[in-house]
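For reference, the structure discussed in these notes is given below.
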Amino acid sequence: MKRIQADPKTGNETMTIEQYTTEPTPPGVEYTSTASGVLNIRLSGNWTLNESIPASEEIFRKISHAKTVRDIKFETSALGAWDTVFLTLIKDIIDYCRDNRLKVDQKGLPEGVRGLLNLADTVPERSKEDLSTVEKESILEEIGRDTVEFLHQTGILVTFIGKVFLTVGRFLIGKARVRRTELVFNIQEAGVRGVPIVSLLTFLVGVILAYVAAAQLTKFGAKILVANLVGVAMAREMAPMITAVIMAGRTGGAYAAQLGTMTVNEEIDAFRTLGLPPMEMLVLPRVLALTLMMPFLVVYANLMGNLGGAVVAIFRLDIGATEYFTALSQAITWRDFLEGLIKSFVYGWLVAISGCLKGIYSGRSAGAVGTSTTAAVVMSLVLIVSSSAVLTAFFDTLWGM
Amino acid sequence: MSNKQPHIVAENVTLAYGTNIIQRGLNFTVKRGDVFIIMGGSGCGKSTVMRGLVGLLRPTEGEIYYEEQPFWNVPPREHERMKRRFGVMYQKGALWSSMTSAENVALPLEEYTDLSDRQIKKIASFKLALVGLAGFEDYYPYEISGGMQKRLAVARAMSLDPEILFFDEPSAGLDPLSSRRLDELIMELNQKLGTTMVIVTHELTSIFEVGNNSVFLDAATRTQITTGDPKVLRDQAEDPRVREFLTRGKL
C-alpha cells in the first residue's frame, strides 16, 4: 500500500511503501524434504489474527509423516505480516520438535520472531508441581481438612470474643481508653442515623402483625386481643430482632467493610507498630456504640410497632384508640419489656463482634473485603436468630418459675 | 552520636508464613546513624524482613536485638515499649483514611504523651512543615497527591521522634523528581536528627544516593548473599548476582 505524506515544515511530499500492508495474501505453508533428513518449512503470506491460520496439528502431521527427518528448517522470504498468531504457531512447532527429539534451526525466521521467542524463554516456566501442591483429595481428606479448618475458625472466634471481653473489662475499670471522637462518631452512625429505617420497618411489622392477629382473633370475637398480640410480640421478640437485622445489614456490614479496607491499606498494621492495639482503637468504640445504642433503638422500635398495630386496629377493625391503648397497657408487663431489652443488648453485641471480627481478619484484596462483609452479615443473622431461640426458651423457663 | 555502636542486630533470623519459609539465616548489623538498605529482586521477601524488624511477624527462628536488647523473646509489655522507639512508613502509606493529615500525625502523640491539645497541634504542624506539607493540616489523605501522601506517611512515622525510621519502598509509584525529593528528605533527616534509617527498596538510584550499609537478599536460595556498603558491593562483591543487580545487569 502506498501512502503519501506531506512534511509540515518543508512541504515536501514523501512516499512510503508500508511493508506489512501489501495486498492481502493468505498464509501458506510448503514442505520440501531433502535426502539428508532436513525438512524445509516455507511460510508465506500474512500470518495475523485476521487471517485463517492452518492448525498446528496439520503441520505436526506433516512433520511426523516424513519419517527420516531429523532437522527442521524455516524459510520465510515470502512471509508478509506476522503477529502473535505466528509466534504461537512457531513456538508450538519448536515444542513439538523438542518433544520428538528433532533439531530445529531457527535461523530462517525473521529476527523479530527470534528475539521475541528468546524473550518468552528467558524465564523458565513454573512447573505445575510448584503451583498446586495439593493433589486431588479423597472425600475423607476433604472432610478432615474442613473439620480442622472449622475448629481453627471457631478458635479464632472464641479468642476474639475473649479479647473483646477483656478490652471492655479493662475499659470499665478505666485501664483501656477509647477515643472520644471515634466513639461519638460511631454512636451517631449506629444510633441516630439508624432511626429512619428502624421507624419504617418496625411500623410496618406492627401493621403486619395486627393484620395476622385480626384474621384469627375476629373469628372468636376477640379482636381487642390484637393489642395484646402486637404489644407482646413487639416487646419480646419482633422489636429487638427486626432492629438487630437492620443493624446487621446497616452497621455490622459497614464495620466489616471499614475494618477490611483498613486491613488492605495496612492501616491496621500502622496501629500495631505504633503499639496501639486495634482492639482498643477500632473494635472497642464500635462494640460500645452498637451495644449501647441497640436498647434505645428497640424502645423506639416498640413505640413504632405499636403505632402500626394501632393504625390497623383503629382504621380497619373499628377499635377506639383509647380502648386499644388501654388494652395494650394492660397486656404488656415489665417482664416482656425487660426481656426485649436484654435481647437487644445481646444482639447488638453479637452484630458488632461479627462485623469487627470479619473485618479484622479480612484478606488483603478488594474481593476479600466483599467476602468478609457478606460473611459478617450472614454470621450476624445466624447468631441473632439462634441466640433468640435460646434466650426465648430461657426467659420462658425463668418467668415460669 | 557515636557512629560505631550497633543499633539493630539480626542473629540467624528465619521468617516464614506458616510453613512457607521466606528468608532464613539472616545475620546483619545496622549501626547507629546508618542508612541501611534491604535490597534484592522482586518477591525475595524484603518487605517480610521488615515486618519482622518492626514487630508484625514473629521470626520462627533467631532473634533481633535493638541495642543488645532482645526484641521478640521478651514479655509483651517490653516488646510494646520497644516498638514505640521506631516509626514505620508503609509501602501503600497506610494513612488512617478517616483522619486529616494533622490528626494522622497527632494520634500517636495523643496516645503516648501528656501534652496539651494545643502543643500536639503545634508539633503536628511542625512535622508537616518538615516534610513540606505546611498548610495541609486539614486535608484528608485521599485529597492530596501520591507524593504528598508518602511525605505525610514520613511525617506520621516521625511523630514520636523515633530513634529508627523504617521505609517500605518509599519511592514506589513516584515520578523521578518526587522520588528524588523523598530521598533528599531521608538524607536530611538522617544527618540533622541522627535517626537510623532502614529502607526496603530496589531503586538503584536511591540505593547509591542514600545507603551506606545494606543486606542483599536472594529469592532463589531464600537467604542473604552479602551485607555491606552498596557502593563497595557494586565494585567488589564476590558474588556475580550482587554485582549484576547493582549494575542493572551490565557486568
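Roughly how tilted is helix A:321-331, in degrees to the nearest 10 and between 0 and 90, from the longest Cα axis of chain A?
90 degrees
Is there a quick way to get the dipole size of the range A:28-125? I mean about its Cα centre, with the Cβ of Lys and Arg at +1 and of Asp and Glu at -1; what is the value in debye to the nearest 20? The partial results should precede the final answer.
On the way: 12 positive and 14 negative charges, 93 e Å.
Using only the charged Cβ atoms, the result is roughly 440 debye.
Treat every Asp and Glu Cβ in chain B as -1 and every Lys and Arg Cβ as +1, leave all other atoms uncharged, and give the resulting dipole magnitude about the Cα centre to the nearest 20 debye. Show your work: numbers first, answer last.
Values: 30 positive and 32 negative charges, 44 e Å.
Magnitude of the dipole: close to 220 debye.
At a Cα cut-off below 22 Å, give the lysines reachable from A:LYS103, other chains included and same-chain residues fewer than 8 away excluded.
Hits, sequence-local ones excluded: A:LYS62, A:LYS67, A:LYS73, A:LYS91.
So what are the ³J(HN,Hα) numbers for the range A:229-240, from phi and the Karplus equation (6.51, -1.76, 1.60; θ = phi - 60°), rounded to whole Hz, Gly and Pro as x?
Result, rounded to whole Hz: 5, 4, x, 5, 4, 5, 4, 7, 10, 5, 4, x.
Using r as the Cβ-Cβ distance of B:TYR65 and B:TYR17, and R0 as 25 Å, what FRET efficiency do you calculate, to the nearest 0.05?
After rounding to 0.05, the efficiency reads 0.60.
If you average over every viewing direction, what projected area does the convex hull of the Cα atoms of chain B give, in nm²?
14.0 nm²
Going by amide H atoms built from the backbone, whose H comes under 5 Å of the H on B:PHE166, apart from near neighbours?
Those lying under 5 Å, H to H, from B:PHE166 are B:GLY87, B:VAL88, B:MET89, B:VAL198.
Can you list the residues, at least 5 places off or on another chain, whose amide H is less than 5 Å from the amide H of B:SER98, using H built in the peptide plane?
Placed amide hydrogens put nothing under 5 Å from B:SER98.
Indicate the helices, whole DSSP H runs only, in chain B that combine a mean Kyte-Doolittle hydropathy of -0.5 or more with a Cα extent along their long axis of 24 angstrom or more.
B:176-193
State, as an integer percentage, the relative contact order of chain B based on alpha-carbon contacts under 8 Å between residues 6 or more apart.
Relative CO of chain B lands at 25 percent.
In a shell of Cβ-Cβ distance under 15 Å around A:PRO196, excluding A:PRO196 itself, what net charge do Lys and Arg (+1) and Asp and Glu (-1) give?
Every neighbour counted, the sum reads +1.
Arranged by the count of other C-beta atoms within 10 angstrom, fewest first, what order do A:THR261, A:THR202, A:THR397 take? Please report the intermediate quantities before stating the final value.
Numbers: A:THR261 18, A:THR202 27, A:THR397 9.
The fewest-first ordering by Cβ neighbours comes to A:THR397, A:THR261, A:THR202.
Once you wrap a convex hull around the alpha carbon atoms of the range A:323-401, what is its projected area averaged over all directions, in nm²?
7.0 nm²
Here are some pairs, B:LYS127/B:LYS231; A:LYS136/B:LYS46; B:LYS92/B:LYS250; B:LYS92/B:LYS121; which of them have Cα atoms lying more than 28 Å apart in this structure?
Long pairs (Cα-Cα over 28 Å): B:LYS127/B:LYS231; A:LYS136/B:LYS46; B:LYS92/B:LYS250.
Compute the signed sum of charges (Lys and Arg +1, Asp and Glu -1) over the other residues within less than 11 Å, Cβ to Cβ, of B:VAL9.
Result for the local shell: -3.
Normalise the Debye intensity by I(0) for the range B:78-168, one equal point scatterer per Cα, no solvent, then take log10 at q = 0.15, 0.18, 0.26 Å⁻¹ and round to two decimals.
Debye intensities relative to I(0), on a log10 scale: -0.51, -0.73, -1.43.
Translational diffusion coefficient, Stokes-Einstein: compute it for the range A:177-399 using the Kirkwood radius over C-alpha pairs as Rh, at 10 °C and 1.306 mPa s, and state it as an integer in µm² s⁻¹.
Working: Rh = 18.5 Å.
The diffusion coefficient I find is 86 µm²/s.
For the range A:177-399, give the magnitude of the charge dipole about the Cα centre (Cβ charges: +1 Lys/Arg, -1 Asp/Glu; no others), in debye to the nearest 20. Present the calculation step by step, with values, prior to reporting the outcome.
Working: 15 positive and 12 negative charges, 16 e Å.
Around 80 debye, computed over the range A:177-399.
No solvent, one uniform scatterer per C-alpha: report log10 I(q)/I(0) for the protein assembly as shown via the Debye equation at q = 0.07, 0.10 1/Å, two decimals.
-0.73, -1.04
Read-outs throughout are calculated quantities, based only on the coordinates presented, and are distinct from any laboratory measurement. Just so it is clear, the model here is predicted, and its values are computed rather than measured. We place every Cβ from the backbone using ideal geometry, glycine too, and count neighbours over all the protein chains shown.
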